[in-house]
Amino acid sequence: MELLKKLTACDAPSGNEEKITELIRAEVEGYADEIYTDALGNLVARKKGSGKRVMLAAHCDEIGVVVTFIDEKGFLRFSDVGGLYLRNLINRKVRFENGTIGVIGTEEENEKRAMSKMYIDIGAASREEAEKLVSIGDMAAFVGDFYVQNGRVISKALDNRAGCYVLIETLKNVKSDNDLYFVFTTQEEVGLRGARTAAYAIKPEYALSVDITDTGDTPKAPKMAVRLGEGAAVKVMDYSVITSREVRESLVSLAKDNGIKYQLEIMTDGGTDAGVIHFTGEGVKTGGISIPTRYIHSPSEMISVDDLNACVQLAKLFAENI
Ligand code: CO
């Protein structure tokens, strides 16, 4: 899990993906025939082949906060970068690119939550002091340590460094004649933006988006069939996409034939890169493999190591056999 730890430790809120794409580039160098970034910062690692043109996508950005105002006492006001749950914010730590740590506080005493009443405290005593460390427009990511315990991983940014891990391990191990594009997409959390231009440029015949999905297995969780530890989730649909029947059936039969634990996923809120890839150009047969994840969009997301490995196996088989 050393690679996953390295991937999650790297801060890359949407639009600030340079560090994570550099890290991934260094990791996959030597496994791809061609590696490049495009205008939106997507990192593409291509493994050339004479077969089908297949795009595998995992977003590498993460949710965060952006500084909108600094008051005279040195407190920072902020807005969200991606979907933040207000309940996850109070008293949490965030880290800016220069290493500055902030604690999120709120003016409200009761359980009511409004981002407009929240602030980031970087320990500055005045606006002047704060401005030495942070400027308007600076982004910060959650601080959240990495643990492996009882076969589960707990960390910040498993959304979607777990997906990046799946793509990297697939690229390292795949043996295929297909023309494979491994794309580490940008700005997914703010509206599936990087994947759109990447798919337009690559014009794949088939695509697979690898991302995380919710689970329905915690006390009083909403009814959802996905459970931690029950295997790779094969996406049926989310709000952004109804997956290609051909891709979905291929994933299910590959899982069955190779003894890979799988489950079917319908996520009623949230989308993935598949949502924009599938209607690019004249359309792309697109599916998804998801890593079941608890406490999504928090500094303490949780996945199962077995599920993660099942996703790697299934993504590799898909790349080789579609
Ligand atoms: Co997300």
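Here are a few things to note about the model shown:
- Looking only at residues of region 6-21 that are part of a helix (DSSP H, G or I) and within 12 Å of the chain's Cα centre (by Cα), we find that the one that is nearest to D61 (Cα to Cα) is I20.
- Of all the numbered requirements in (1) within 21 Å of T186 (Cα to Cα); (2) in contact (Cβ under 8 Å) with a residue 24 or more places away in the chain, I303 misses one, and that requirement is (1).
- Filter pass, E109 being farther than 20 Å from V134 by Cβ, without any contact (Cβ under 8 Å) to a residue 40 or more places away in the chain and not assigned by TED's automatic domain parsing to the domain that holds D307: yes
- Among the conditions (1) at pLDDT 95 or above; (2) of a type in the set (D, E); (3) within 16 Å of the ligand (Cβ to nearest atom), the only one that E282 does not satisfy is (3).
- Among residues of region 160-192, those that are open to solvent by 10 Å² or more (accessible area, probe 1.4 Å) and either farther than 25 Å from E320 by Cα or among the hydroxyl-bearing types (S, T, Y) (or both), counted: 9
- Qualifying residue in region 92-114 (condition: within 26 Å of the chain's Cα centre (by Cα) and modelled with pLDDT under 95): yes
- Positions within region 256-267 being in contact (Cβ under 8 Å) with a residue 40 or more places away in the chain and either open to solvent by 50 Å² or more (accessible area, probe 1.4 Å) or out of contact with any Leu (no Cβ under 6 Å at 6 or more places or on another chain) (or both), in sequence order: N258, K261, Y262, E265, I266, M267
- Residue count for region 193-205 satisfying the condition of being open to solvent by 20 Å² or more (accessible area, probe 1.4 Å) and either closer than 26 Å to L3 by Cβ or under 20 Å from the mean Cα position of the chain (by Cα) (or both): 3.
- Test: residue in region 61-78 that is closer than 27 Å to A195 by Cα, touching a Ser or Thr at 6+ places or on another chain (Cβ under 6 Å) and in a loop (DSSP other than H, G, I, E, B): yes
- The set of residues in region 51-81 being within 16 Å of the ligand (Cβ to nearest atom), touching a residue at least 40 places away in the same chain (Cβ under 8 Å) and either more than 30 Å from I322 (Cβ to Cβ) or over 20 Å from the mean Cα position of the chain (by Cα) (or both) consists of I63, G64, V65, V81.
- Scan region 122-159 for residues that are under 25 Å from the mean Cα position of the chain (by Cα) and either buried (at least 23 other Cβ atoms within 10 Å of the Cβ) or under 15 Å from K6 (Cα atoms) (or both) and the total you get is 16.
- Restricted to strands (runs of 3 or more DSSP E) entirely inside region 90-146, those with at least 3 residues that are over 14 Å from F69 (Cβ atoms) are 93-96, 101-106, 139-142.
- L133 vs. criteria within 16 Å of the ligand (Cβ to nearest atom) and under 29 Å from N160 (Cβ atoms): no
- Within region 276-307, the set of residues being crowded, with 23+ Cβ neighbours inside 10 Å and either under 16 Å from D238 (Cα atoms) or under 14 Å from the mean Cα position of the chain (by Cα) (or both) comprises V276, I277, T286, G287, G288, I289, S290, I291, P292, T293, E301, I303.
- If you filter region 159-182 down to residues that are charged (D, E, K, R) and farther than 19 Å from K203 by Cα, you find that the one that is nearest to the ligand (Cβ to nearest atom) is D159.
- Scope region 206-225; condition aliphatic (A, V, I, L, M) and surrounded by fewer than 24 Cβ atoms within 10 Å (Cβ to Cβ); matching residues: A221, M224, A225
- Within region 229-252, being farther than 16 Å from V312 by Cα and either in contact with a helix residue (DSSP H, G or I) (Cβ under 7 Å, 6 or more places away or on another chain) or open to solvent by less than 10 Å² (accessible area, probe 1.4 Å) (or both) holds for V236, D238, S240, V241, T243, V247.
The values are calculated or read from the model by the stated rules, or taken from the named source; none is laboratory data. Bear in mind the structure is a predicted one, so any value in this text is a computation, not a measurement. Positions of Cβ are backbone-derived with ideal geometry, glycine not excepted, and every protein chain shown enters the neighbour counts. For accessibility, only protein heavy atoms count, side chains too; no ligands or nucleic acids. Shrake-Rupley method; radii C 1.70, N 1.55, O 1.52, S 1.80 Å.
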